[in-house]
Structure formats: C-alpha cells, structure tokens
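Asks: Below is the structure I would like to discuss, written out as structure tokens.
Laboratory data are not the source of any read-out in this text; all were calculated from the coordinates shown. Small disclaimer: the values here were computed from a predicted structure and weren't measured. When we count neighbours, we look across all protein chains shown, and the Cβ atoms used for this are built from the backbone with ideal geometry, even at glycine.
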Amino acid sequence: MSAKPTFAVVLSGCGVYDGSEIHEAVLTMLAIDRQGGTYQCFAPDIPQRDVINHLTGRPAAEERNVLAESARIARGHIRALATFNPKDFDALVLPGGFGAAKNLSSFAGDGPECTVEPTVERAIKAMSAAGKPVCALCIAPAVLVRVLSGLEVTIGDDSGTAAALEQMGGHHRNTGHGQVVVDQVRRVVTSPCYMLEATISQIADGADAAIAALREMIRP
C-alpha cells in the first residue's frame with residue numbers, strides 16, 4: 001500500500017435522477033481526503049440511459065455522456081473507466097444515485113435480471129480478484145451483488161429493493177443512518193445513504209463510516 005491509501009471513485013453522471021448523487025459523491029471524496037487518502041475519479045465513457053430535468057423531474061429530450069457529465073463533479077479530473085488498473089489503487093468506491101441503476105447497470109429497468117456495464121464489471125472483478133476492498137453507497141450495492149454473488153450488503157430498509165437483491169443471490173441487512181455492513185469474506189462495504197430519508201449531515205456520517213471501514217481493510 002502507498003503512504004496514503006488510494007481510492008478509485010466510480011461516478012455515473014451528475015445528478016440524482018440520471019447520474020451520481022452529488023452529495024454522496026462529494027462527501028465520499030471529502031471523507032477520503034479528511035481520513036488521509038487520495039482519490040481518482042473514473043466513469044464509463046458511454047451515453048446516459050436518459051436525461052432528467054432536475055427542476056421538474058421530467059425527462060428531457062437530449063443526450064448526454066456519462067464521462068462528460070461526471071467530469072462536472074470531478075472538476076475535470078477524471079479518467080475513462082476503461083483505463084482503470086487495479087494495481088494503482090487500494091480500494092474502489094461506487095457512490096449512489098439513479099445513475100448506478102441506469103448507467104452502471106440496468107437495475108432500474110430490469111431489476112434482478114439486470115446487467116452491469118462491462119467496464120464497471122471488469123473493475124469490480126479485478127479489485128475482488130486482487131483481494132482489494134470495494135464499497136457501494138445507496139442503490140449501488142445492487143451493482144456489486146450482480147457482479148459478486150453471495151454478498152452481505154445493505155440498502156437501508158426498503159423491502160422491495162432488498163427482495164430484489166436477495167433474488168440476485170445477495171444477503172440483505174437492514175440498517176439506519178451512518179451504519180455500514182461489512183462483508184469481511186468478500187471485502188465489501190455498503191451503506192444506505194439516500195436510500196433512507198436523510199439530511200446532508202446524515203449522508204456525511206454514512207460516507208465517513210464507509211471510508212473508515214475501507215481504511216481498516218487496507219491497512220498493512
């Protein structure tokens with residue numbers, strides 16, 4: 001491990017309804033920085049599944065690119081996920097937002113029958129094969145369960161989503177604000193964040209707890 005732990009943060013666009021949940025993404029990066037780590041943002045270089053007007057909540061008749069939109073959150077410091085090399089990082093983090101269920105996977109439309117975007121799947125499998133920890137927030141645990149079956153995870157306490165994860169082979173545990181579920185065998189950390197009604201400070205608590213749990217896993 002490097003002197004400072006290095007985190008790859010996988011974004012899925014910009015905005016809760018069609019991309020990364022911005023609070024979760026930014027507070028994850030803040031938690032990494034405050035806990036002594038460094039991060040590099042990544043995103044798939046693919047079209048968004050849809051574009052939502054975040055003022056009205058209605059679809060917009062336009063096209064956007066996941067990598068270009070994610071660059072808004074990363075202030076331009078972002079790489080295409082196809083370039084990801086697990087040797088360069090100690091942990092992988094997937095913030096939530098509908099982009100995780102629309103762009104990183106097809107969970108929003110296909111539920112338990114979903115597929116995962118190929119570069120996302122490769123990154124998760126590569127980290128798991130290297131014995132390096134992976135974290136997912138909010139709805140993003142669905143992506144991990146589709147790729148790494150048999151995981152113990154949380155998305156909070158939503159029974160319908162929990163049932164879908166169980167159908168995919170996951171094992172769900174109900175949690176509250178700021179709590180995490182750690183699968184020690186598969187080296188996976190999950191936290192519910194905005195899958196629960198939450199304040200921004202409660203999202204910060206969840207991000208802090210998730211990154212702290214990752215740091216425990218990547219200590220020498």
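Asks: Hey, does the stretch 54-63 have a residue that's crowded, with 24+ Cβ neighbours inside 10 Å and among the hydroxyl-bearing types (Ser, Thr, Tyr)?
Replies: no
Asks: Assess whether ALA25 counts as being among the aliphatic types (A, V, I, L, M), part of a loop (DSSP other than H, G, I, E, B) and either closer than 26 Å to ASP208 by Cβ or touching a residue at least 12 places away in the same chain (Cβ under 8 Å) (or both).
Replies: no
Asks: Mind listing whichever residues of the stretch 96-125 are touching a helix residue (DSSP H, G or I) at 6+ places or on another chain (Cβ under 7 Å), over 22 Å from HIS171 (Cβ atoms) and in a loop (DSSP other than H, G, I, E, B)?
Replies: GLY97, ASN103
Asks: Note down all Cβ pairs under 9 Å where the first residue falls in the stretch 149-171 and is at positive phi, the second is of a type in the set (Val, Ile, Thr) and part of a loop (DSSP other than H, G, I, E, B), and they're at least six residues apart or on different chains.
Replies: GLY150/VAL185; GLY156/THR175
Asks: Right, here's the next one. Give the stretch 127-174 a look and list any residue that's part of a helix (DSSP H, G or I), touching a Leu at 6+ places or on another chain (Cβ under 9 Å) and within 17 Å of ASN85 (Cβ to Cβ), or say none.
Replies: MET127, SER128
Asks: PRO95 passes all but one of (1) surrounded by fewer than 20 Cβ atoms within 10 Å (Cβ to Cβ); (2) out of contact with any Pro (no Cβ under 9 Å at 6 or more places or on another chain); which number fails?
Replies: So the condition that PRO95 fails would be (1).
Asks: Something else: Can you pull out the residues in the stretch 66-87 that are surrounded by fewer than 11 Cβ atoms within 10 Å (Cβ to Cβ) and either in contact (Cβ under 8 Å) with a residue 60 or more places away in the chain or among the basic types (Lys, Arg) (or both)?
Replies: Listed by number, the residues that qualify are ARG75, LYS87.
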